[in-house]
Amino acid sequence: MSVITRFAPSPTGRLHVGSIRTPLHNWLWARRNAGTFILRLDDTDLQRSSEPFVEAIREDLTWLGLVPDDEHRQSARFDRYEEALQRLVAAGRVYPAYETAQELDLKRKVLLGRGKPPVYDRAALALTDADRARLEAEGKWPHWRFKLDHAQPIEWNDLIRGPQHFDPSLLSDPVIRREDGSWLYMLPSVVDDIDMAISHVIRGEDHVTNTALQIQMFEALGAAPPIFAHEALLVGSEGKLSKRLGSLGTDSMREAGIEPQALIAKLARIGTSLPVEPVITPALLIESFDFATFGRAPARFDMDELAALNARIVHQLDHEAVANRLPVGMGPEAWAAIRPNLGRVEEAADWWHIIEGPVEPRADGDDRTFLDEAAETAATLDWDNAVWSSLTAQLKQATGRAGKALFLPLRRALTGRDSGPEMAVLLPLIGKQRTVERLRAAASN
């Protein structure tokens, strides 16, 4: 079987952490099986769908490296949905209903008050042609419901949740088309999955009931349903992740300096039995992707953990990968020197300023004589990659200082900080002239 997966977002907002996980897992499964990954834009709601959000979704997927193999738009397929609807009407599997939202809400409240499940009572099936004509003459237009087959239980073997069983008599006949003629998600999705030969539908567990309803739609249209995998939802420190949590939006992540590799590495394995690792290429993630590793419990997404993972990713990035984001003049040697001290690539500018200067010299009173001698010693040295070892060895012999008493005053005078990149790699970048100037300035401060 050819593996074909899809990501079907509505272009009504930016992608966020929760919605990134869905295309990622669909992409990983397609890549592991040499299959096809489709972007299918669910833009049937023409009033809410926005072209800028379409472009934003494409941009986000490209940034993450999840480039689709094909793209479709549901707004270009209305004729296929109409054809499917008419087939189902002719087969007696779709019927018009005229209740208003207020009337349906009242029915639900009555059933709940009686301790019964709020299942639609199928009152619309009792309407005669004369009843429907009268209602439409009064200005009421129908919405359309799919008629579930109560005689057959709904069953499937979910790749994550295992065997699933639903009694269709406990489910309401789903509305598939509104009274204004616009489509709800349910039927267009099924029609598209059939036409595009989708083999696997990988999505959140909040769609489990939708899957039960859609399985009967597949069967009513004479098609075998795809294989389903429903993964546990992510939760944050404040509960379920939401598009409204702007700090978790893809655009905000990018602005905060989170690398796409960090998001991919985190979301590929969170909620599974596999460890989250700082993987900078997806090959290992593709090879190890397995639904058997997914757990049923909600997975907690922690921003502090993501930041720590991001730092480990940054420490592996080569100069070529980040060159266009670095300060002018920062070459491979400087990047290699400061990279181990960064949490974000953007922090490189701070360390480049320390290399280039000027820096505020720092020295304690007892260290000034020592730093003056250090300046004189530095002025006599050949400036090569071993200059730090030469400088500290001569100063240790001349002054008797060792350890922190030797190294910390030099670091403070040369960088203005107590910690940072190894001075052995930093000093050659600072250069002889700046080193001598900084040591003398600290000695006289």
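Taking the criterion of being open to solvent by 50 Å² or more (accessible area, probe 1.4 Å), touching a residue at least 40 places away in the same chain (Cβ under 8 Å), farther than 24 Å from Q316 by Cβ and assigned to a helix (DSSP H, G or I), would at least one residue in the range 420-433 satisfy it? Among the residues of the range 420-433, at least one is open to solvent by 50 Å² or more (accessible area, probe 1.4 Å), touching a residue at least 40 places away in the same chain (Cβ under 8 Å), farther than 24 Å from Q316 by Cβ and assigned to a helix (DSSP H, G or I), which makes the answer yes.
From the list A363, A323, A337, A308, the one residue that fits, being at pLDDT 95 or above and farther than 24 Å from K266 by Cβ, is A323. If I filter the range 212-235 for residues that are exposed (fewer than 15 other Cβ atoms within 10 Å of the Cβ) and at pLDDT below 95, do I get at least one hit? Taking every residue of the range 212-235 in turn, none turns out to be exposed (fewer than 15 other Cβ atoms within 10 Å of the Cβ) and at pLDDT below 95. If the condition is being outside any helix (DSSP H, G or I) and among the small types (G, A, S), then the range 276-327 contributes G295, A297, A299. Tell me the residue from V314, V328, V387 that is closer than 30 Å to M253 by Cα and surrounded by 15 or more Cβ atoms within 10 Å (Cβ to Cβ), please. Going through V314, V328, V387 in turn, the sole match is V314.
Only one entry in F301, F294 is out of contact with any helix residue (DSSP H, G or I) (no Cβ under 8 Å at 6 or more places or on another chain) and among the aromatic types (F, W, Y), namely F294.
With respect to L66, determine if the residue is surrounded by 15 or more Cβ atoms within 10 Å (Cβ to Cβ) and either in contact with a helix residue (DSSP H, G or I) (Cβ under 7 Å, 6 or more places away or on another chain) or farther than 30 Å from A283 by Cα (or both). For L66, the condition - surrounded by 15 or more Cβ atoms within 10 Å (Cβ to Cβ) and either in contact with a helix residue (DSSP H, G or I) (Cβ under 7 Å, 6 or more places away or on another chain) or farther than 30 Å from A283 by Cα (or both) - is met.
Note on the range 378-402: residues that are more than 18 Å from A413 (Cα to Cα), among the polar types (S, T, N, Q) and within 49 Å of the chain's Cα centre (by Cα) amount to 1. For the range 287-306, residues that are buried (at least 16 other Cβ atoms within 10 Å of the Cβ) and more than 25 Å from D206 (Cα to Cα) total 1.
Looking for whichever is of a type outside the set (F, W, Y), buried (at least 17 other Cβ atoms within 10 Å of the Cβ) and at pLDDT 95 or above here; the options are R145, R134, R122. Which one fits? Spell out how you get there, then give the answer.
Values: R134 fails: buried (at least 17 other Cβ atoms within 10 Å of the Cβ); R122 fails: buried (at least 17 other Cβ atoms within 10 Å of the Cβ).
Result: R145 is the single residue among R145, R134, R122 that is of a type outside the set (F, W, Y), buried (at least 17 other Cβ atoms within 10 Å of the Cβ) and at pLDDT 95 or above.
Name the residues in the range 344-363 that are within 28 Å of the chain's Cα centre (by Cα), in contact (Cβ under 8 Å) with a residue 60 or more places away in the chain and open to solvent by less than 20 Å² (accessible area, probe 1.4 Å), would you? Within the range 344-363, V345 is the sole residue that qualifies.
I'm trying to understand the selection: among the residues of the range 22-38, which are out of contact with any Leu (no Cβ under 7 Å at 6 or more places or on another chain) and either among the hydrophobic types (A, V, I, L, M, F, W, C) or surrounded by fewer than 22 Cβ atoms within 10 Å (Cβ to Cβ) (or both)? Within the range 22-38, T22, W29, A30, R31, R32, N33, A34, G35, T36, F37, I38 qualify.
The values are calculated or read from the model by the stated rules, or taken from the named source; none is laboratory data. Just so we're clear, the structure is a prediction, and the values are computed from it rather than from any experiment. No Cβ is skipped: glycine too gets one built from the backbone with ideal geometry, and neighbour counts run over all protein chains shown. Quick note on the areas: whole protein, heavy atoms, side chains included, nothing else; ligands and nucleic acids left out. Shrake-Rupley method; radii C 1.70, N 1.55, O 1.52, S 1.80 Å.
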